[in-house]
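The values are calculated or read from the model by the stated rules, or taken from the named source; none is laboratory data. Since the model is a prediction, treat every value here as computed from it, not as a measurement. When we count neighbours, we look across all protein chains shown, and the Cβ atoms used for this are built from the backbone with ideal geometry, even at glycine.
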Amino acid sequence: MKKVVSVVGARPNFMKIAPIDRAFKAYSDEIEHIIVHTGQHYDYQMSEAFFQDLQMPSPNFFLGVGSGSHAEQTAKVMTAFEEVCQKVKPDLVIVPGDVNSTMAAAITTKKLSLPLAHIEAGLRSGDRTMPEEINRIVTDVIADLLFVTEKSGYENLIAEGIPSYKIHFVGNTMIDSLIFASEQLNKSKILQTLQLSECSYVLITLHRPTNVDSAEMLSMFFDIFNYISSRKKIVFPVHPRTRKNITDFGLDEIAGQNKNLILTEPLGYIDFLNLMKNSSLVITDSGGIQEETTFLGVPCITTRTTTERPITVEIGTNTLVHPEKEAILKTIYEKIDNSSNPHQIPKLWDGKASKRIAEIIYNYLR
Ligand code: UD1
């Protein structure tokens, strides 16, 4: 029996690995799939709720690393994951995405000379001040199997000198999860709970340090919300980092005065998908939401200067806007009631990426 270990740590990892776990069931006589959760995200709503919604088995190992500086978090994951590897002796390790847990587990794997597979390889924003960009570059340069979601990923890796035999354009495992969960959206009562009707609201997520770690930037967003709320309701599920900063910057009162602004705790996967699918517009600084809105055909404004997911902009659902008030407002007015939104699904985003990955790994291990 071969052992494949997948390492998850933060919220965007869980939906990328859940369908991989299901795909490995086809090889259960020959491959044991083991899930390690680093504990980078630890709040119930940021972690456990997702395991339930994604019908993912509980992790076999929980490392409990928690928060800390980038160096601390990375070092804790590396040390704790090394112990797991020594105990389990994996034949291959899978890391998804670009969070600190991804890079930390990747380095540990290769320091032990074990084969490493990276899911969502090759994405590049070109901005090396983003911690995720460093995590992507380091992981890709040492990985043995690089699974790519869009053509830019393939092109970037070739341009960086990665041999083409290591690169596999397989599609997007996050979209596998979205398609799987779409059948369960009727379980979500979030529209009723928040008293919303279809297309009557704008959905917001903000958590990137450049947008939420300064009082000036975060206040600008609340100012923008005041403009939007004269036209539509706003739903804003608040990430823990952003929650803390809203309070620290004294913005709770301003938020409370806007009767059309609904702030919620971070939401579970199915509720969030349901909200996204029925919103008239999404405004975000997330990576994954750019892809999910593209698949769903919902207009998305990404308040960042760069994106590592250019296919979403090429197709036209996603618009990249410099995080500056006038520019964001101008784009909101263009998009908010625009019913002729482009809708095209990127190549291989067909719900079968995980099956392709499991098959490639199975053949690799043989
Ligand atoms: C991380 C990822 C980011 C991803 C995001 C999704 C890195 C470098 N960044 O950012 O790419 O888009 O996850 O959410 O890995 N906190 C809690 N409870 C939790 C988790 C975090 O309260 O369950 C708070 C802590 O105060 C922590 C802060 O949020 O210090 C930031 O958490 P961290 O995991 O360091 O980074 P994220 O901003 O979540």
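Data overview
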read-out: Test set (1) surrounded by 14 or more Cβ atoms within 10 Å (Cβ to Cβ); (2) more than 16 Å from the ligand (Cβ to nearest atom); (3) of a type in the set (Asp, Glu); (4) over 22 Å from LEU275 (Cβ atoms) - GLU216 fails condition number; value: (1)
read-out: Residue, nearest to the ligand (Cβ to nearest atom), within region 1-29, restricted to residues that are within 16 Å of ALA104 (Cα to Cα) and of a type in the set (Gly, Ala, Ser); value: ALA10
read-out: Filtered residue count, region 165-184, keeping only those that are surrounded by 10 or more Cβ atoms within 10 Å (Cβ to Cβ) and part of a helix (DSSP H, G or I); value: 11
read-out: Residue list for region 160-210, restricted to those being over 20 Å from PRO299 (Cβ atoms) and small (Gly, Ala, Ser); value: GLY161, SER164, GLY171, SER177, ALA181, SER188
read-out: Candidates ILE262, ILE289, filtered to the one that is under 21 Å from HIS41 (Cα atoms) and in contact (Cβ under 8 Å) with a residue 40 or more places away in the chain; value: ILE289
read-out: Scope region 250-280; condition outside any helix (DSSP H, G or I), among the hydrophobic types (A, V, I, L, M, F, W, C) and within 25 Å of LEU178 (Cα to Cα); matching residues; value: ILE262, LEU263, LEU267
read-out: Evaluation of SER214 against (1) out of contact with any Lys or Arg (no Cβ under 6 Å at 6 or more places or on another chain); (2) touching a residue at least 24 places away in the same chain (Cβ under 8 Å) (one fails), failing number; value: (2)
read-out: Filtered residue count, region 12-31, keeping only those that are surrounded by fewer than 17 Cβ atoms within 10 Å (Cβ to Cβ) and not basic (Lys, Arg); value: 4
read-out: Contacts under 7 angstrom Cβ, first residue in region 339-366 being farther than 15 Å from CYS300 by Cβ, partner surrounded by fewer than 14 Cβ atoms within 10 Å (Cβ to Cβ), 6 or more apart; value: ALA358/ALA26
read-out: Any chance ILE254 is within 16 Å of the ligand (Cβ to nearest atom) and hydrophobic (A, V, I, L, M, F, W, C); value: no
read-out: Candidate set from region 87-107 (those that are in contact (Cβ under 8 Å) with a residue 24 or more places away in the chain and away from the ligand (no atom under 16 Å from the Cβ)); member that is surrounded by the fewest Cβ atoms within 10 Å (Cβ to Cβ); value: LYS89
read-out: Counted residues, region 30-48 - those being within 16 Å of the ligand (Cβ to nearest atom) and among the acidic types (Asp, Glu); value: 2
read-out: Strands (runs of 3 or more DSSP E) wholly inside region 1-118 containing at least 3 residues that are under 30 Å from THR129 (Cβ atoms); value: 2-8, 92-96
read-out: Strands (runs of 3 or more DSSP E) fully within region 281-349 counting 1 or more residues that are on the phi > 0 side of the Ramachandran plot and crowded, with 20+ Cβ neighbours inside 10 Å; value: none
read-out: Subset of region 244-254 (residues that are buried (at least 16 other Cβ atoms within 10 Å of the Cβ) and at pLDDT 95 or above); value: ASN245, ILE246, PHE249, LEU251
read-out: All positions within region 268-291 that are within 13 Å of the ligand (Cβ to nearest atom) and under 18 Å from GLU198 (Cα atoms); value: PHE272
read-out: Residue, farthest from the ligand (Cβ to nearest atom), within region 119-151, restricted to residues that are in a loop (DSSP other than H, G, I, E, B) and of a type in the set (Val, Ile, Thr); value: THR149
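Here's the yes/no breakdown for (1) hydroxyl-bearing (Ser, Thr, Tyr); (2) out of contact with any Leu (no Cβ under 7 Å at 6 or more places or on another chain); (3) closer than 17 Å to ASP21 by Cα; (4) buried (at least 21 other Cβ atoms within 10 Å of the Cβ):
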| position | (1), (2), (3), (4) |
| --- | --- |
| GLN40 | no, yes, no, yes |
| ASP43 | no, yes, no, no |
| GLU48 | no, yes, yes, no |
| PHE51 | no, yes, yes, no |
| GLN55 | no, yes, yes, no |
| SER58 | yes, yes, yes, no |
| VAL65 | no, yes, no, yes |
| GLU72 | no, yes, no, no |
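Residues checked against (1) at positive phi; (2) without any contact (Cβ under 8 Å) to a residue 12 or more places away in the chain:
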residue: PHE14; (1), (2): no, no
residue: ILE20; (1), (2): no, no
residue: SER28; (1), (2): no, yes
residue: GLY39; (1), (2): yes, no
residue: GLN45; (1), (2): no, no
residue: ALA71; (1), (2): no, yes
residue: MET78; (1), (2): no, no
